[in-house]
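The structure appears below as structure tokens.
The values are calculated or read from the model by the stated rules, or taken from the named source; none is laboratory data. Computed from a predicted model, the values in this text were never measured in an experiment. Ideal geometry is used to build each Cβ from the backbone, glycine not excepted, and the neighbour counts take in all protein chains shown.
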Amino acid sequence: MTIGPIHLPALSARLGDWSYYTTIMRLRDAAERIQFASDVNEVRPGRQLSDLIQRALSEGRAAEIGRYLVNEGDHFFNSLVVAVYGGDPEWMEFNVSSSPTSSANRDIGDVDGWARSAFGFLYLAGGETLFALDGQHRLGGIKKAVSEKALVGDEQISVIFVSHKLNTEGRKRTRKLFTTLNKTAKAVNKSEIIALDESDAAAIITRKLVEEHPYFSRGQVLVKYGTANLSKTDAEHFMTIIKLYDVVAFLLANVVNSMTREQRAELRFVRPRDADLVKYYERVAAFMEKFVSGIPELKDYFSKTGEPAKSVVKDQRFTRKNVLFRSVGLDVFLRMLPELIAEEGGGKKAIAALAMLPRSFTEKPYRDVMYSVGDNRIINGKIKVTTRLLRHMLGYDDKDPEQLRVAYAEAMSAEPASVRLPRRIPR
């Protein structure tokens, strides 16, 4: 792709055996000039796997970033790293000298040589090939945002240019840099999102619940950095703050609101209006209160604090093996809510239906499916089949009951001929 020349304000530097230039580009120029590695690296069916430089672009992630740039006024993210080959790029170093009006009377000779030569312009004639080495999803978002909102194109982003050679050794060198960048880059921890994010609606609501709501602000939630699940021996807390965040996000998108995939993504990246945040918080809190009130043991737990509350946790989690006092069991019940609300005709009736289900891991359909009685442990990967079995018990016909019976047998490592589906609950 040949386009016109451009001068980019830049800093010249060296790290390891890489010479690089840190520049500033307008978003429209980045969108126009920078490509994806898969588009320029001559990767075709039948080519060797070693030709591949980077991961496939996730269109969904790029679309989310595009909406973030268009809709969120205080958007920001870090530099793109871009490989350049071909053409005739040129470094134009500034001739730095002391200002004649400077009262400090500094001598430019006092400045180290490496610093004097670091400032300049990077000239690109337009015939170069540029591709994203790190930040391909950000680049995809930039392209989408610029195409949707022209004004976004005037904004600037930092772009780091490195040299790439289109041969076997060049590919190896560039691929190594790509994997190094992606292995050493640390994704934002979910704990940090919950604690700091002012755009993610679920994070904002989670903080408010933990700070203000009586169900979550009096020691029920373990607030510990990086801890997603309670320890097997925890006899004090109901859930972790990360689990609460997941619950809030699910309820927000699937229960108290009915949202499209795009709307759910927007709730993560674009801060709602304050009035909408208040509305979302009230909806989530009200539904949680309704859910707790409809399940006797939850109502018992959340009505207490201190040692009495801990006693309920010990009894329900370790003695009665209550599924709702373990994250995986709570997930099963929550996943059933959207369909039950539609089928039962409202949230209150859906919760009443859930309250009719067995809630001990030692009972069917959990026993030997998602819980090993002999080993006293959770069996992972059984949420889907357990959910289908519980719906069957509530009287909802499965799309393929015979296949469900076979899946039930497989989950228990039993012969299908010897297994029957759990009894339906009289309603």
Problem - Members of segment 346-385 that are among the β-branched types (Val, Ile, Thr) and either assigned by TED's automatic domain parsing to the domain that holds residue 258 or part of a strand (DSSP E or B) (or both) - result: 378
Handout entry: From 138, 55, 47, residue being among the basic types (Lys, Arg) and at pLDDT 85 or above
Key = 138
Fill in the blank from the handout: All conditions in (1) within 22 Å of residue 421 (Cα to Cα); (2) hydrophobic (A, V, I, L, M, F, W, C); (3) surrounded by 15 or more Cβ atoms within 10 Å (Cβ to Cβ) are true of residue 356 except (3)
Fill in the blank from the handout: Matching residues in segment 14-35 (more than 19 Å from residue 173 (Cβ to Cβ) and out of contact with any strand residue (DSSP E or B) (no Cβ under 9 Å at 6 or more places or on another chain)) number 3
Practice task
Only residues that are of a type in the set (Gly, Ala, Ser) and part of a helix (DSSP H, G or I): list them for segment 235-275, please.
Solution key: 249, 253, 265, 275
Exercise for the section: Look at residue 226 and say whether it is exposed (fewer than 14 other Cβ atoms within 10 Å of the Cβ), in contact (Cβ under 8 Å) with a residue 24 or more places away in the chain, on the phi > 0 side of the Ramachandran plot and small (Gly, Ala, Ser). Expected result: yes
Fill in the blank from the handout: Of the residues in segment 63-88, those that are of a type outside the set (Gly, Ala, Ser), part of a loop (DSSP other than H, G, I, E, B) and touching a residue at least 60 places away in the same chain (Cβ under 8 Å) come to 72, 77, 78
Practice task
Please list, ordered by first then second residue, the pairs with beta carbon atoms under 7 Å, 6 or more apart or interchain, first in segment 13-38 and touching a residue at least 40 places away in the same chain (Cβ under 8 Å) and in the same structural domain as residue 141 (by TED's automatic domain parsing), second surrounded by fewer than 17 Cβ atoms within 10 Å (Cβ to Cβ) and part of a helix (DSSP H, G or I).
Solution key: 26/154
Practice task
For residues that are modelled with pLDDT under 90 and within 16 Å of the chain's Cα centre (by Cα), tally how many sit in segment 228-265.
Solution key: 6
